[in-house]
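Reading through the structure tokens given below for one structure.
Each value in this text was obtained by applying a stated rule to the coordinates, not by laboratory testing. Computed from a predicted model, the values in this text were never measured in an experiment. We place every Cβ from the backbone using ideal geometry, glycine too, and count neighbours over all the protein chains shown.
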Ligand SMILES: Cc1cc2nc3c(=O)[nH]c(=O)nc-3n(C[C@H](O)[C@H](O)[C@H](O)COP(=O)(O)OP(=O)(O)OC[C@H]3O[C@@H](n4cnc5c(N)ncnc54)[C@H](O)[C@@H]3O)c2cc1C
């Protein structure tokens with residue numbers, strides 16, 4: 001027996017989990033069975049694995065995001081930021097772009113707020129650092145890196161030139177390595193258009209606290225990736241901590257010091273802090289405690305999945321009874337599909353199913369025609385891995401529209417060469433207006 005009234009389903013977050021859960025619900029819900037509202041400060045879902053290629057100009061940034069309103073036609077989309085969850089009262093407070101607070105009532109809650117950058121109390125980090133998680137950051141970094149080349153080619157100050165051409169990345173997970181490798185590849189290519197900048201003038205530095213990079217793939221591929229990066233002249237500091245970034249002066253735990261005008265912080269993520277301030281049960285890392293059915297543990301009418309959830313990994317439960325699903329897109333998409341089906345099952349009086357998926361591995365791009373892959377127990381390097389990366393992700397990016405546009409971008413840059421123009425003005429669009437108004 002179903003619950004017999006039209007339920008209000010409220011989805012917090014329109015990223016991987018929120019988007020796919022809403023898609024699954026709108027496809028399956030019968031007319032009048034339930035309404036679905038998705039709340040996100042952004043009007044789009046971001047396909048994060050394509051951010052490095054968007055930053056490198058291989059893909060047009062608009063094509064790595066999927067508009068929520070166009071795709072979720074049977075859902076309500078609210079552009080707002082969730083500030084408070086009081087599940088006991090079934091109330092969520094949101095802040096709309098005009099700064100107003102609104103309370104939203106609901107019957108069923110889906111918590112899909114993802115993760116945020118994990119910052120550390122390092123002097124200068126808050127002022128100098130930039131994360132790499134949103135499309136805005138990817139666009140900013142591309143323009144920033146290219147505009148450093150422009151500024152360096154025009155200055156007569158040798159020290160400043162060196163600082164402008166030094167790019168530091170902290171964190172050797174997928175996001176950091178792919179962003180570093182793609183941007184380095186782009187910048188090296190771009191130097192051919194600068195008569196006074198040689199590729200060897202660029203200094204790229206990777207700092208990683210652990211003794212290896214890319215924990216998502218087997219160690220041998222991590223070692224291979226370090227060798228590949230070093231062969232390209234990238235300096236890799238393993239088992240090293242960043243101590244200070246004050247005024248763009250980088251100090252590392254091994255005593256190395258240098259100036260760098262670009263500091264990209266990709267040293268891990270943590271669960272969205274809205275959760276730790278809510279009345280939902282959460283673990284020591286601020287993740288909502290979930291049952292294998294993706295219901296919030298011990299709480300009725302609340303569901304969760306993705307980076308902000310501690311979901312038991314049933315595929316590894318025999319080796320490790322406390323194993324949790326890793327925070328990655330592979331789990332997020334599959335969990336969202338199960339979550340949508342389970343919500344409908346419960347609405348219709350049926351039992352929800354348990355989520356179980358064995359990680360199939362990972363693919364990573366390290367720049368044009370370069371990559372590493374470790375999928376279905378197959379290890380691959382170089383061009384083959386890069387082709388696998390492209391094939392896998394174009395198959396995965398949501399909607400035919402985006403698949404088509406991404407492939408078209410790749411074909412165009414193959415045919416017409418990659419685009420390396422700097423649009424640094426975007427980072428400060430009012431500067432010209434201010435100058436004119438002051439003159
Ligand atoms: C650069 C990069 C590359 C990656 N590459 C891979 C890869 O190759 N393979 C892989 O498996 N994984 C990859 N990942 C990880 C993967 O993208 C995440 O695991 C996945 O996005 C998690 O999905 P999610 O729905 O939990 O979170 P997200 O997709 O991050 O969605 C969270 C949503 O919540 C919204 N939100 C945040 N705060 C609020 C708030 N207060 N109120 C309302 N909404 C809010 C955000 O705007 C966002 O839309 C990558 C991540 C990055 C950053």
Work out the FRET efficiency for residue 427 and residue 127 from their Cβ-Cβ distance, taking R0 = 22 Å, and round it to the nearest 0.05. 0.90
Rounded to the nearest 500 deg cm²/dmol, what is the calculated helix-only ellipticity per residue at 222 nm for the chain, with -39500 (n - 2.57) per DSSP H run of length n ≥ 4? -10000 deg cm²/dmol
Which one of 411, 72, 324 has the biggest mean-square fluctuation once the chain is modelled by GNM with Cα springs under 10 Å? 411
Rounded tilt (10° steps) of 219-231 against the dominant C-alpha axis of the chain: 30 degrees
Which distance in nm do the two modelled labels at residue 318 and residue 394 give, with both placed 7 Å along the Cα-to-Cβ direction? 3.9 nm
Can you tell which of 380, 309, 340 shows the greatest fluctuation in a Gaussian network model of the chain with Cα springs below 10 Å? 380
Which value in nm describes the separation of the simple spin-label points at residue 360 and residue 200, placed 7 Å from the Cα toward the beta carbon? 4.5 nm
Using only Cα atoms, find the angle between the long axis of helix 400-416 and the longest principal axis of the chain, and express it within 0 to 90 degrees, rounded to the nearest 10. 10 degrees
Length gained, residue 6-residue 377, 0.36 nm per residue minus C-alpha separation, equals 129.0 nm
With Cα coordinates, the longest principal axis of the chain makes an angle with the long axis of helix 16-28, in degrees rounded to 10, of 40 degrees
Two-site FRET efficiency, residue 253 against residue 84, from Cβ-Cβ distance with R₀ of 45 Å, rounded to 0.05: 0.70
Could you please rank 304, 225, placing first whichever residue has the fewest other Cβ atoms within 10 Å of its Cβ? 225, 304
Beta bridges per DSSP with both ends in the chain, % antiparallel, nearest 5: 50 percent
Shape verdict for the stretch 117-160, please, from the Cα gyration tensor: rounded (a/c under 1.5), prolate (a/b greater than b/c) or oblate. oblate
For the stretch 171-294, give the share of DSSP beta bridges that are antiparallel, in percent and rounded to the nearest 5; count only bridges with both residues there. 65 percent
Counting alpha carbon pairs within less than 8 Å and at least 6 residues apart, what relative contact order, in whole percent, applies to the stretch 228-304? 13 percent
Which residue, 255, 173, 361, tops the fluctuation ranking in a GNM of the chain built on C-alpha contacts under 10 Å? 255
Based on the alpha-carbon gyration tensor of the chain and its eigenvalue square roots a ≥ b ≥ c, which shape applies: rounded if a/c is under 1.5, prolate if not and a/b is larger than b/c, or oblate? prolate
